[in-house]
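*Asks:* Take this structure first; my questions come after.
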Amino acid sequence: MSDTIQFSELGLPADVLTSITELGYEQPSPIQARAIPMLLEGRDILGQAQTGTGKTAAFALPNLAQVDTRSKSIQVLVLTPTRELAVQVAEAYQRYARHLKGFRVLPIYGGQSMQLQLRELKRGVHVVVGTPGRIIDHLGRGTLKLGELKTAVLDEADEMLNMGFLDDVEKILSHLPEKRQIALFSATMPQQIERVAKTYLKNPEHIEIAGSKKRNENIEQSLWVLKNERKREALVQVLEAEEYDASIIFVRTRLAAEELTIHLNARGYRCSALQGDMAQKQRETAINALRKGSLDVLIATDVAARGLDVERISLVINYDIPYDVEAYVHRIGRTGRAGRQGKAVLFATPRERRMQQAIERHLSVKLTKYDLPTRDEVEQRRIAELITDVKKELESKDLERYKKIAESLLEEMDVSGEEVLAAVLRSQRDGRPLLFDAMPTEQFEQREPREPRDSKPIQAVPEGYKRFRLNVGKSHGAQPKNIVGAIANEANMDANHIGRIDLFDYYTLVDLPDGMPKEVEAILKKARVAGRMLELRVWEDRPRSGKPRRDGKRDGRRSDSKGRGRGNDQRPPRRKSQ
Ligand code: AMP
């Protein structure tokens, strides 16, 4: 990535810069840094760049700087090989032009109603994005007037060649006014494309983003080709299945970093976002937390992760494919530090295969298909770890206090030692320790969890809803948004169907649609917020009966259904047992 150039230095107008900032773009990608100033100067360019390099913004942003919205004529024409790309590019213009008053862009492709296109063209549009066939159609009918055109863009020219559109493209190019600018983008440069460039472009600037050949021998690299919609779920699967000390997840925008952070926090991961515009102090706090192990996952943009050197990072997930090979090399280089082994997983959508191939070519590696460990494998590994831990404890730790508990357990329960041990192992699955060896006693002297009637008035359960109790509250760091996020995602429930949420110190009450299937209830029992299992159960609005205590008082205030000690709640949430 280019190291120093900022969007504000490229000569783009303020309204376009505002959109970029709002979209969370932190820095121009290499193709943007080079193409934007050239196009603003009016130069023709021949860019060798594939999808995923940010090439759409590389031409759309300078185009928008040149558009005069007071005029009704077409000023920019973009040719694309497919209708999907036409729509995608038109949407990109729309996004970048959200502060350009009166700006209009129209995608035009075969299969879409001609009437609609004619009506829109009549109203006047500034940018037309279309497939060559339909554009030729309109030119033949005289319904597309290019007399005032300033710029033409050929997007994915080699794909247009592969799909047999080159003749149409040339026909269109020959219709353009003499004084115009052309930007031609192609992932590869076959002879025919070079010929078109020679014929129609004037003294073009060649832009090719060079890659690096650096190899990272101690980093195991793999690839998961998946659809965009699948990525979030896949991310959680990888984090669940992989064994790692700390992980860094790379995304493209600040917004993506924020969204994913909320998503993962809602699932109980100790994670934080690292963004380019963070104050230095905040940045250091997050990095130190990762270094010390109070944070396990960082979600970062390329800019933010520059120079990051934390030995604990053993897993890099390229959630959004990087713009170029350099960025990829930099990203995966955050792991495998100090001679350690690291793992890097690349998520790529089918459309991004070119960038993936470019990475493979430049690094001379073939990325192996990512193999998500099975549940069995994960369990086997955890058991092996447990055995190692137990052996270590037996060898080195003073177990006297624990032995006493073990004896009384065995004495009290009328079952075999094996059964008791199994039950103990199972009750430890949340990673909560049995004893607090190093915690000062005052930490345990917290107030008792109070039932709601003691603290604030409770509203009646509305018609069609049922009230549930969740075993997580304010004191655990839960917030309503985490709870909504976890329920909506885990139960696949529209957030609008989640009713009132009342957070108390040690638990939460939430109203959910009555008649929610049992399977969903079961899923929500195990979902996590702030590192704690929700242990969802129906809440009954009456004092809970407790066993009579020896002193005659009633004890109806256990902190949860398993009667875990109060002190347990003091422990910071952990992702998994260690
Ligand atoms: P493209 O290569 O044009 O298909 O762009 C790929 C993706 O990168 C799109 O989702 C863009 O929104 C995003 N993108 C483009 N430029 C930037 C940038 N400078 N910073 C962050 N994201 C970007």
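*Asks:* In region 303-315, which residue that is under 22 Å from TYR25 (Cβ atoms) and open to solvent by less than 10 Å² (accessible area, probe 1.4 Å) is farthest from the ligand (Cβ to nearest atom)?
*Replies:* The qualifying residue farthest from the ligand (Cβ to nearest atom) is LEU308.
*Asks:* Considering only residues of region 357-383 that are closer than 21 Å to LYS231 by Cα and hydroxyl-bearing (Ser, Thr, Tyr), which is nearest to the chain's Cα centre (by Cα)?
*Replies:* Looking at the filtered set, the residue picked out is TYR370.
*Asks:* Quick check: anything in region 275-284 at pLDDT 85 or above and either assigned by TED's automatic domain parsing to the domain that holds ARG252 or polar (S, T, N, Q) (or both)?
*Replies:* no
*Asks:* Looking for whichever is of a type outside the set (Ser, Thr, Tyr), touching a helix residue (DSSP H, G or I) at 6+ places or on another chain (Cβ under 7 Å) and away from the ligand (no atom under 16 Å from the Cβ) here; the options are ALA300, ALA286, ALA246, ALA279. Which one fits?
*Replies:* Among ALA300, ALA286, ALA246, ALA279, only ALA246 is of a type outside the set (Ser, Thr, Tyr), touching a helix residue (DSSP H, G or I) at 6+ places or on another chain (Cβ under 7 Å) and away from the ligand (no atom under 16 Å from the Cβ).
*Asks:* Now, a different point. Any idea which of TYR200, TYR244 is in contact (Cβ under 8 Å) with a residue 60 or more places away in the chain and hydroxyl-bearing (Ser, Thr, Tyr)?
*Replies:* The conditions single out TYR244.
*Asks:* Right, here's the next one. Inspect all residues belonging to region 18-31 and state whether any of them is without any contact (Cβ under 8 Å) to a residue 40 or more places away in the chain, touching a His at 6+ places or on another chain (Cβ under 9 Å) and more than 21 Å from VAL325 (Cβ to Cβ).
*Replies:* no
*Asks:* Taking region 142-167 only, how many residues are free of Cβ contacts under 8 Å to residues at least 12 places away in the same chain and either in a loop (DSSP other than H, G, I, E, B) or within 26 Å of ILE36 (Cβ to Cβ) (or both)?
*Replies:* 2
*Asks:* Next question. Scan region 330-350 and tell me whether some residue there is modelled with pLDDT of 90 or more, in the same structural domain as VAL251 (by TED's automatic domain parsing) and open to solvent by 60 Å² or more (accessible area, probe 1.4 Å).
*Replies:* Yes: one or more hits.
*Asks:* Going through region 10-21 one residue at a time, which ones are open to solvent by 30 Å² or more (accessible area, probe 1.4 Å), farther than 12 Å from ALA97 by Cβ and either within 13 Å of the ligand (Cβ to nearest atom) or not in a helix (DSSP H, G or I) (or both)?
*Replies:* If the condition is that a residue be open to solvent by 30 Å² or more (accessible area, probe 1.4 Å), farther than 12 Å from ALA97 by Cβ and either within 13 Å of the ligand (Cβ to nearest atom) or not in a helix (DSSP H, G or I) (or both), then GLY11, LEU17, THR21 are the ones that fit.
*Asks:* Specify the residue that is nearest to the ligand (Cβ to nearest atom); the eligible residues are those in region 75-114 that are among the β-branched types (Val, Ile, Thr) and free of Cβ contacts under 8 Å to residues at least 60 places away in the same chain.
*Replies:* If we take residues in region 75-114 being among the β-branched types (Val, Ile, Thr) and free of Cβ contacts under 8 Å to residues at least 60 places away in the same chain, then VAL87 is nearest to the ligand (Cβ to nearest atom).
The values are calculated or read from the model by the stated rules, or taken from the named source; none is laboratory data. Since the structure is predicted, the reported quantities are computational estimates derived from the model, not experimental observations. FYI the Cβ positions are ideal-geometry reconstructions off the backbone, even for glycines, and counts take in every protein chain you see. Keep in mind that these areas ignore ligands, DNA and RNA; they rest on the heavy atoms of the full protein, side chains included. Shrake-Rupley method; radii C 1.70, N 1.55, O 1.52, S 1.80 Å.
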